[in-house]
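Enquirer: Below: one structure in C-alpha cells.
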Amino acid sequence: MRPVALLLAASLLQAGAPAAEKATAFERAVVQEMSDARVSPRAYAEHLRALRDAFEGTLWRRPGRVPLRTEEGVAALDEAIRFLETARPAGPLRFNEGLARAAKAHAQYLGSRGLLSHQGRDGSGPAARLDRLGRWQSLVAENISTGEDDPRLVVVQLLVDDGVPSRGHRKNLFNPDLHQAGAGAAAHAQYGTVCVIDYADGFVADR
C-alpha cells in the first residue's frame, strides 16, 4: 500500500464538489502529527525507532494489526530515522478548514471508487479543487495515505515513503514553503481507509 504525493506551483486543473462537514478529530490529529514532526524532527525520530523490532525482513508485524508486506523493509525505516535526526526544523503546519474540505471531498471520491490518484472525477487536480473553494498562494501540494486509521501511523507512512525512490511524500511534509494543511479521510473500497492531505503556502476559503 503505497502513498501518493504531488507538488504543484502557480495554478492548474478541476475536481468534484467539496464536502461540507467539519474536520474530524482524526483529521485534525493528522495535521498536528505532521506539524510535530516538522517542529521537532529529532524527537519524532523516536517514534520511528520504536517500530524497528516489528520488522522481519520486508514483513512489518505490527502489534494488533495485520502484518504488512513492505518493499524495502527496515532499510526504509532506518533511512527515515537518519533523515529526521539531521533534518532542519521546517516550522509548524497550521490547520486550515478549507484545505480539509478539499481533501475530504477527494478522499470520498477515491474511497467510493477504490482509486488511488491525485486526479478527480473530471480529470482535475488539487489546485482546481482549491480554486473552487477560495484562493491559494504560491504553492500547493498533496499527499495520499492508505490503510492507516492512526494519525501517527499516517505520518510514519509518509515519512518512511516505502517503495518511493523520490521520497516525495516526505519532501512535501517537510517543505518549508508550505505553511498550512488540511486532512480528509474516508473509507476505501480496496485499502480500508484513505487519507488525503492538502498543503498550501496560504489558503483563504470563499465559504
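The values are calculated or read from the model by the stated rules, or taken from the named source; none is laboratory data. Predicted model only: the values in this text are computed from it and were never measured. Neighbour counts are summed over all protein chains in view; Cβ atoms, including those assigned to glycine, are modelled from backbone coordinates with ideal geometry. SASA here: full protein model, heavy atoms, side chains in, ligands and nucleic acids out. Shrake-Rupley method; radii C 1.70, N 1.55, O 1.52, S 1.80 Å.
Enquirer: Return the residues of the range 190-202 that are over 17 Å from Ser35 (Cα atoms) and of a type in the set (Phe, Trp, Tyr); say none if nothing qualifies. Before you say what the answer is, go through the steps one by one.
Expert: Let us first name the residues in the range 190-202 that are over 17 Å from Ser35 (Cα atoms), namely 190-194.
The answer is Tyr191, and nothing else.
Enquirer: Here is a list of conditions, (1) at pLDDT 95 or above; (2) under 20 Å from Glu142 (Cβ atoms); (3) open to solvent by 20 Å² or more (accessible area, probe 1.4 Å); (4) in contact with a helix residue (DSSP H, G or I) (Cβ under 8 Å, 6 or more places away or on another chain), and Leu13 meets all of them except one; can you say which number that is?
Expert: Failing condition for Leu13: (1).
Per-residue answers, yes or no, for (1) hydroxyl-bearing (Ser, Thr, Tyr); (2) under 16 Å from Leu178 (Cα atoms); (3) in contact with a Pro (Cβ under 9 Å, 6 or more places away or on another chain):
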residue: Gly111; (1), (2), (3): no, no, no
residue: Leu115; (1), (2), (3): no, no, no
residue: Val140; (1), (2), (3): no, yes, yes
residue: Thr146; (1), (2), (3): yes, no, yes
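Enquirer: How about the range 72-126: which of its residues are closer than 23 Å to Asp206 by Cβ and of a type in the set (Lys, Arg)?
Expert: Scanning the range 72-126 gives Arg94, Arg101, Lys104, Arg121.
Enquirer: What are the residues in the range 109-120 that are more than 15 Å from Glu142 (Cβ to Cβ) and surrounded by fewer than 21 Cβ atoms within 10 Å (Cβ to Cβ), if any?
Expert: To start, the set of residues in the range 109-120 that are more than 15 Å from Glu142 (Cβ to Cβ) comprises 111-114.
The answer is Ser112, Arg113, Gly114.
Enquirer: Turning to a different aspect of this structure: Could you tell me which of the residues Val140, Val164, Val154, Val196 is surrounded by 17 or more Cβ atoms within 10 Å (Cβ to Cβ), part of a helix (DSSP H, G or I) and at pLDDT 95 or above? Don't jump to the end; show me each part of the working.
Expert: On the way: Val140 fails: part of a helix (DSSP H, G or I); Val164 fails: part of a helix (DSSP H, G or I); Val196 fails: part of a helix (DSSP H, G or I).
After ruling out the rest, the residue left standing is Val154.
Enquirer: Taking Glu27 as the residue in question, decide whether it is touching a Cys at 6+ places or on another chain (Cβ under 8 Å) and of a type in the set (D, E, K, R).
Expert: yes
Enquirer: In the range 49-101, what count of residues is obtained for those that are at pLDDT 95 or above, open to solvent by 40 Å² or more (accessible area, probe 1.4 Å), among the small types (Gly, Ala, Ser) and farther than 21 Å from Ala29 by Cα?
Expert: 1
Enquirer: Something else about it: Considering only the range 167-179, state which residues are assigned to a loop (DSSP other than H, G, I, E, B) and touching a Phe, Trp or Tyr at 6+ places or on another chain (Cβ under 7 Å).
Expert: We begin by selecting, within the range 167-179, every residue assigned to a loop (DSSP other than H, G, I, E, B); these are 167, 174-179.
Selection gives Leu178 alone.
Enquirer: So which residues in the range 83-116 are under 17 Å from the mean Cα position of the chain (by Cα), more than 25 Å from Ala37 (Cα to Cα) and among the small types (Gly, Ala, Ser), if there are any at all?
Expert: Ala105, Gly111
Enquirer: Output the number of residues of the range 180-193 satisfying the condition of being surrounded by fewer than 16 Cβ atoms within 10 Å (Cβ to Cβ) and either of a type outside the set (S, T, N, Q) or in a strand (DSSP E or B) (or both). First the steps, then the outcome.
Expert: From the range 180-193, those surrounded by fewer than 16 Cβ atoms within 10 Å (Cβ to Cβ) are 187, 189-190, 192; that's our starting set.
Then drop every residue that is not either of a type outside the set (S, T, N, Q) or in a strand (DSSP E or B) (or both), which leaves 187, 189, 192.
So the answer is 3.
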